[in-house]
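The values are calculated or read from the model by the stated rules, or taken from the named source; none is laboratory data. Here the structure is a predicted model, which means the values were calculated and not measured. In this analysis, Cβ positions are derived from the backbone assuming ideal geometry, glycine residues included, and neighbour counts consider all displayed protein chains. Each accessible area value is taken on the protein alone, full model and side chains, heavy atoms only, with ligands, DNA and RNA left out. Shrake-Rupley method; radii C 1.70, N 1.55, O 1.52, S 1.80 Å.
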Amino acid sequence: MEEVARAWSQQDTESALRCFAGDAVYFEPPDIQFYKGQDQLRAYFAALTPDTFMVFHNLWFDESKQVGAGEFSFGVKAKSTADHGVVIAEIRDGKIASWREYQRKGPSPFEEFVRLDGKRWQWHIGNYP
């Protein structure tokens, strides 16, 4: 996972591809994005622009199930917003066979994205039905 983040942050498509199985799927449910196999992943990864960054804040892995999860930030350094989310990765023979991500756009700094104070929450006990 750290190698994927490093490769994307350096726009190193081939290094990122080496982390994925040949028939890997990369998707964002329910119907946001879907890529399958090395050819589609290569085109998707190659479109990353300079100053793209990805960083994992937390990583978890269940060795017995070969499934892991990571909390990440992904964006472009000069922009004020970034995508923050969670990815569930299924591993087969040491490579990512399935990458399923859920993300939300917010302020670029992760600390600002997850802070609790100074926000106008959309849902809270004061407006919950």
Starting from the stretch 33-46, keep only residues that are outside any helix (DSSP H, G or I), then list their pairs with residues that are surrounded by 16 or more Cβ atoms within 10 Å (Cβ to Cβ) and among the aliphatic types (A, V, I, L, M) whose Cβ atoms are within a distance under 9 Å, requiring at least 6 positions of separation or different chains. F34/V25; Y35/A24; Y35/V25; Y35/L41; K36/A24; K36/V25
The residue that is surrounded by the fewest Cβ atoms within 10 Å (Cβ to Cβ), considering only those in the stretch 3-20 that are in contact with a Ser or Thr (Cβ under 9 Å, 6 or more places away or on another chain) and in a helix (DSSP H, G or I), is E3
Restricting the stretch 3-26 to residues that are of a type outside the set (G, A, S) and more than 17 Å from R92 (Cα to Cα), the one nearest to the chain's Cα centre (by Cα) turns out to be W8
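From the list E112, E63, E28, exactly one residue is among the acidic types (D, E) and touching a Phe, Trp or Tyr at 6+ places or on another chain (Cβ under 9 Å). Which is it?
None of the others qualify; the one that does is E28.
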Do we have G94 as under 17 Å from A24 (Cβ atoms) and either surrounded by fewer than 10 Cβ atoms within 10 Å (Cβ to Cβ) or without any contact (Cβ under 8 Å) to a residue 24 or more places away in the chain (or both) here? yes
What is the number of the single condition among (1) within 17 Å of E2 (Cβ to Cβ); (2) in contact with a Leu (Cβ under 6 Å, 6 or more places away or on another chain); (3) not acidic (D, E) that Y35 does not meet? (1)
Would it be correct to say that D62 is among the acidic types (D, E) and within 25 Å of F113 (Cα to Cα)? no
E112, sole failed condition from (1) assigned to a strand (DSSP E or B); (2) in contact with a Gly (Cβ under 8 Å, 6 or more places away or on another chain): (1)
Check whether at least one residue in the stretch 43-57 is under 30 Å from W121 (Cα atoms) and among the charged types (D, E, K, R), and report yes or no. no
Kindly provide the set of residues from the stretch 101-121 that are open to solvent by less than 60 Å² (accessible area, probe 1.4 Å) and among the charged types (D, E, K, R), ordered by number. E101
Surrounded by fewer than 16 Cβ atoms within 10 Å (Cβ to Cβ) and β-branched (V, I, T) - does that describe any residue in the stretch 22-39? yes
